[in-house]
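This report concerns only the one structure given below.
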Amino acid sequence: MKLNTAAYYIREGLTNVKRNRAMTVASITSVTAALLILGLFLIIILNVDSIANQVESQLELKAFINDNYDATKVAKVGEEIKAISGVKSITFESKKDALNSFKKQLGDKSYLVNGLENDNPMPQSFIVKVTDANMMKQVSEEIKKIDGVTQVSYGQDVVDKLLGIIKIIRIVGLFVILILFIISVVIISNTIKLGVFARRREINIMKYIGATDWFIRWPFLVEGIVLGLVGSVLAIAILGFIYGYASDLVNNKLIIFTLLSAGVVIKQSLVYFLAMGSLIGAIGSGISIKRFLNV
Amino acid sequence: MIKFVGVSKKYKNDIIAVSNINFTIDNGEFVFLVGPSGAGKSTILKLLLREEIPTTGSIFVDKKDITKLKRKEVPYLRRNIGVVFQDFKLLPNKTVYENIAFALQIVEAEPKYIRRRVPMVLSLVGLSERANSYPQQLSGGEQQRVSIARAIVNEPSILVADEPTGNLDPDTSWEIVKLLSEINKRGTTVIMSTHAKDIVDSMKKRVIALEKGNIVRDEMRGVYGYEA
Ligand SMILES: Nc1ncnc2c1ncn2[C@@H]1O[C@H](COP(=O)(O)OP(=O)(O)O)[C@@H](O)[C@H]1O
Ligand SMILES: [Mg+2]
């Protein structure tokens, strides 16, 4: 393809975009809407993934000890836990420590636990660090067998739950995205159809003077891809703006884990968005080119 | 060289537009295609342009059977056959210059060549002054000159004109025919379908006469032969 021919395709494609404003706006809006929803699901999936990682990477489990055990008995339990293979280190958390750390989590609502110091409901526990995430389950089973251990909790439950949520989000998201994808393709295809119709005289003349099929098709393909790309760029801009604001807000309130930054999310989804946008545009115009252009 | 061998065309509605057409046109000839409306003149030109495919028979252009062309090859046939219509078929939103340059853009000609070639053709058809006008600002005769310029700008060896003077008054028609004859003298084969008896009679060129889809006459230096 010669450079000036490529320039012709782009120029003509852009002329088509400008020719039918109402349909152009409708096409871009539908692509933007489709990609915004896609982006929403993508952001949720990326974040849940990241939270699951954050939880998993802590490689910690907590062994709660009978409330009535005194220091010597507790120390003995500690020795037994240490002896289990796969245990890296243990830290004792007294009832008082537990209450303080709970207070910290409550932040400015810490007054809620005021006065509990004398009748502390928090359990004493060992925080057990494991050498390997895969050892979690096995180690926790071993610890449970020790006398004086009332309960063992570890992040795996949370991780499993998060992974389950991701699965559901993926399925629902895929379905919603597919529908929006089809709607966008149909709208773009209609836009192109109107473009073909508006230019049918010109197309007829082009055929008589020896234009190849692809010479006639390219401007319409360019039109579709431009519509798709503009839609996807708009979606990224809107998403980046809103998510940047929302994630700051949420991150300031949460302590247990952090949401991904807007920059990271946009970086990870930019290529998908542009690819999806141009794919929607190309398929949409492809359908009309095949059905209505007849060249 | 153009050669029709046993060509028949039956349209979808079972109308037989032409049947068993045989003729040969040598390079550089000027041929009138005459006959009453519905005789099959346009059908023959459409078959030559591969707009229609014959039901039976073969059509050769420069030894190549164009009825066997693949879809992809058709544009290249058309680049070798310039075409002019009764209704001009100019693009209203392009200037005279742009309408002609467009035919060269389509064949991916170099911009440098386009800039040299378009003024040459414009001067050949006598429209150098109107390069920047739009078609609707021109008279019918001038519009037809533009369409002739567009048809010959990439130097086809054949020029096909389907009733090119059908919408023009007699004086203007004469100018158009003289222009076609001028182009013919420069070596282009010209085939023109027409109803214009006076023009055919005084040009003394080859005449192929059609009636109800059959060739009834094929004479060198012929006349129209009907009461127009
Ligand atoms: N696309 C078509 N479909 C069906 N019938 C056609 C078509 N084109 C032409 N015809 C018929 O074929 C016959 C010859 O038409 P045409 O070649 O246009 O004649 P002419 O150009 O000599 O007036 C006419 O009867 C016409 O009605
Ligand atoms: Mg006709």
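Each reported figure results from applying straightforward, stated rules to the coordinates on display, with no laboratory input. Note that the structure is predicted; figures quoted are calculated from it, not measured. Methodologically, a virtual Cβ is constructed for each residue, glycine included, from the backbone with ideal geometry; neighbour enumeration extends over all protein chains shown.
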Next on the checklist: With an 8 Å Cα cut-off and a minimum separation of 6 or more residues, compute the relative contact order for segment B:1-217 in percent.
Outcome noted: 31 percent
Checklist entry - Considering only Cα-Cα distances, which of the following residue pairs are longer than 20 Å: A:104/A:129; B:185/B:205; B:46/B:70; A:207/A:290? => result A:104/A:129
Checklist entry - For the charge dipole of chain A, defined by +1 on Lys and Arg C-beta atoms and -1 on Asp and Glu C-beta atoms about the Cα centroid, which residue among A:28, A:55, A:287 has the Cα displaced farthest towards the positive pole? => result A:287
Item to check | Choice from A:75, A:52, A:275 showing the highest fluctuation, given a GNM over chain A with Cα pairs closer than 10 Å | outcome: A:75
Checklist entry - For the Cα atoms of chain B, what angle does the longest principal axis make with the long axis of helix B:140-152, in degrees from 0 to 90, nearest 10? => result 80 degrees
Checklist outcome for this item: Within the under-15-Å Cβ sphere about residue B:9, not counting residue B:9, Lys/Arg +1 and Asp/Glu -1 give a net charge of +3
Next on the checklist: I need the helices of chain A that pass two filters: whole DSSP H segments spanning 27 Å or more by Cα along the axis, and mean Kyte-Doolittle score no lower than -1.0.
Outcome noted: A:21-57, A:156-198, A:213-253, A:262-288
Next on the checklist: Just want the answer: with Cβ charges of +1 for Lys and Arg and -1 for Asp and Glu, which residue in A:101, A:9, A:127 is farthest toward the dipole's positive end in chain A?
Outcome noted: A:9
Checklist entry - Taking only Cα atoms, what is the 0 to 90° angle, nearest 10, from helix B:170-185's long axis to the longest principal axis of chain B? => result 90 degrees
Checklist entry - Mind checking Rg over Rh on the protein assembly as shown, alpha carbons, Kirkwood formula for Rh? => result 1.34
Checklist entry - For segment A:191-295, what is the Kirkwood estimate of the hydrodynamic radius, computed as the reciprocal of the mean inverse distance between distinct Cα atoms, to one decimal in Å? => result 16.2 Å
Item to check | Calculated SAXS-style log₁₀ I(q)/I(0) at q = 0.11, 0.14, 0.16, 0.25 Å⁻¹ - segment A:169-234, Debye, Cα scatterers | outcome: -0.38, -0.55, -0.66, -1.07
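Show that you can apply the helix-only estimate: for chain A, add -39,500 (n - 2.57) for every DSSP H stretch of four or more residues, divide by all residues, and state [θ] at 222 nm to the nearest 500.
Counting only the DSSP helices, I get -25000 deg cm²/dmol.
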Checklist outcome for this item: Sorting B:158, B:40, B:190 by the position of each Cα along the dipole of segment B:1-217 (Lys, Arg +1; Asp, Glu -1; all at Cβ), the one nearest the positive end of that ordering is B:158
Item to check | q = 0.17, 0.18, 0.20 Å⁻¹: log10 I(q)/I(0) that the Debye formula gives for segment B:55-204, counting C-alpha atoms only | outcome: -1.00, -1.10, -1.28
Checklist entry - When the dipole is taken about the Cα centre of the protein assembly as shown, and only Lys, Arg (+1) and Asp, Glu (-1) are charged at their Cβ, what size is it in debye, to the nearest 20? => result 1400 debye
Item to check | Among the listed pairs B:68/B:212; A:95/A:145; A:95/A:167; A:137/A:267, those beyond 28 Å (Cα-Cα) | outcome: A:95/A:167; A:137/A:267
Item to check | segment B:1-217, dipole about Cα centre (Lys/Arg Cβ +1, Asp/Glu Cβ -1), debye to the nearest 20 | outcome: 760 debye
Item to check | Per residue, the convex hull volume that the Cα atoms of chain A enclose (Å³) | outcome: 164 Å³
Checklist outcome for this item: Per-residue ellipticity at 222 nm attributable to helices in chain B (runs of n ≥ 4 DSSP H, -39500 (n - 2.57) apiece, nearest 500 deg cm²/dmol) works out to -10000 deg cm²/dmol
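Report, in listed order, any pair from B:9/B:63; A:76/A:161; A:2/B:89 with a Cα-Cα distance greater than 31 Å.
The pairs that break the limit, which is 31 Å between Cα atoms, are A:76/A:161.
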Next on the checklist: Loop only by DSSP, 11 or fewer other Cβ within 10 Å of the Cβ. Give me the trypsin sites (Lys or Arg not before Pro) in segment B:67-128 that pass, ordered by residue number.
Outcome noted: B:70
Item to check | C-alpha long axis of helix B:96-106 to longest principal axis of chain B, angle in ° | outcome: 70 degrees
Checklist entry - In 10 Å bins starting at 0, how do the alpha-carbon pair distances of segment A:126-275 split up by percent? => result 8, 20, 22, 18, 13, 9, 6, 3, 1, 0
Checklist entry - Which longest run of chain B has no exposed loop site in it, a site being GluC sites (Glu not before Pro) in a DSSP loop with at most 15 other beta carbons within 10 Å, and the site itself not part of the run? => result B:109-226
